[in-house]
Amino acid sequence: MSTAIIGLAAAGKTTIFNALTRGAVDKGQYGGAKSVNIGVGAKPDVRLDFIDKAFNARRKVRAEMTFWDMPVGHSTGAVLTRETVNSLQKAKALLAVVRKFEDPATPHPEGSIGWLRDLEKLMFEILFADIELLDRRVERIQTSMKALKSSERAQAIANVEALKEVQQILEEGTPIRSMALDEVQSRALADIFVLSALPIVVAVNVSEDEIGIDAEILRSEAIDNLGETTIDPQTLLVPICASIEEELRGMDENEAAELRAELGIERDDSELLMDACLRCLKTQTFYTASDREARAWHFPAGAFAPQGAGVVHSDMERGFIRAEVVAYDDFVRCGSMQEARKQGVLRQEGKNYVLADGDLMNFLFSV
């Protein structure tokens, strides 16, 4: 599943893209790239690190995430041109980058730093893109009304009314993801890509002096200034110093750990940001491990054990028999599968078992 990175020029979108994907995309001048940059990032994962060491595995394989670095309109500075919105139709989530750091060498397009102002502008652009889209859809339905059969016309009229109702709520500042849509409104929107329905994570790009700032402080500030309609409970905020994370992610793990310790950085903000993207995508992680390989796998929250097996290989889902499962916290406490078995926390689960985030799995199957 793909997460699209959006933001004003000079916000640090491509720097964050490079940090998350270990990329080396040229950040260019003031306007950024003219086309979408697509990259895959191997997610940092302290749980996988522990499992890898516990099994003394010969290979460690991190789960991967796909990110799109979306361009900014060069002539207008618009974040969401019609071309950009069209190219976002396969995205499953948005990662909005706002700038909170000062850098005279990189001027802000607005002439000053104001992360709350920029966030409000981004949220408005998302709402406005949907308002325009619904306008065009209503016009198209009304234009085609005469050619419809009487039975189809009644449904078309109902769709127009429903779309206008949704449009009115959008104009009041509420994104579609926060609306309690009724059945008629949901049906009217069913075949329409609406941007504000996507879950969103906000990366607040801070200076080196603010590394470690509490995300709740930023969230409270955003709610106080922009309101709970703009920063709804589903919108996650993550502070990150993009330039430092880009540098750290360009190093090997040991070098990065040493530099973090030297700089007094206790947390991996790239991992926190990717975790936030996974949460908004309703995606969780399970693990498989042996002395040969320790590996992380992503799965949709609520998946049953056979579906988890299918993430590893389709044959494993088709021939699923049962799964051996130990919760991550139990495994940490026990330190090994043998001890987990001895303490009775290694469980046998069947087809109706719902996977939990952090499960350490061994799938038994026959094909």
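Each reported figure results from applying straightforward, stated rules to the coordinates on display, with no laboratory input. Computed from a predicted structure; not experimentally measured. FYI the Cβ positions are ideal-geometry reconstructions off the backbone, even for glycines, and counts take in every protein chain you see.
Computed values, structure above
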item: Three-way shape call for the chain based on the alpha-carbon gyration tensor, with the a/c threshold at 1.5; result: oblate
item: Residue 251-residue 150 FRET efficiency (beta carbon distance; Förster radius 56 Å; 0.05 resolution); result: 0.25
item: Within segment 194-222: backbone nitrogen closer than 19 Å to the residue 49 label point (7 Å, Cα to C-beta); result: 211-213
item: Inter-site label distance for residue 136 and residue 224 at 7 Å from Cα along Cβ, in nm; result: 4.0
item: Surrounding net charge for residue 238, when Lys and Arg each add one and Asp and Glu each subtract one, Cβ distance under 9 Å; result: -2
item: Reachable lysines from residue 342, criterion Cα separation under 21 angstrom, eight or more residues apart if same chain; result: 53
item: Long-range HN-HN contacts of residue 283 with modeled amide H, under 5 Å; result: 301
item: Extension reserve of the residue 197-residue 291 stretch, reckoned as 0.36 nm per residue once the Cα distance is removed; result: 29.5 nm
item: Nonlocal amide H pairs with residue 7, under 5 Å, H built at 1.01 Å; result: 97
item: Of 13/282; 164/282; 13/60; 90/282; 92/164; 43/92, pairs whose Cα-Cα distance is over 27 Å; result: 164/282; 13/60
item: Under Karplus coefficients 6.51, -1.76 and 1.60, residue-wise ³J(HN,Hα) of segment 98-110 in Hz, glycine/proline x; result: 10, 9, 10, 9, 9, 7, x, 6, 10, x, 7, x, 8
item: Hull volume in cubic angstrom per residue (convex hull over the Cα atoms of segment 302-365); result: 74
item: Label-to-label distance, nm, for residues given as residue 321 and residue 86 (7 Å Cα→Cβ offset); result: 5.4
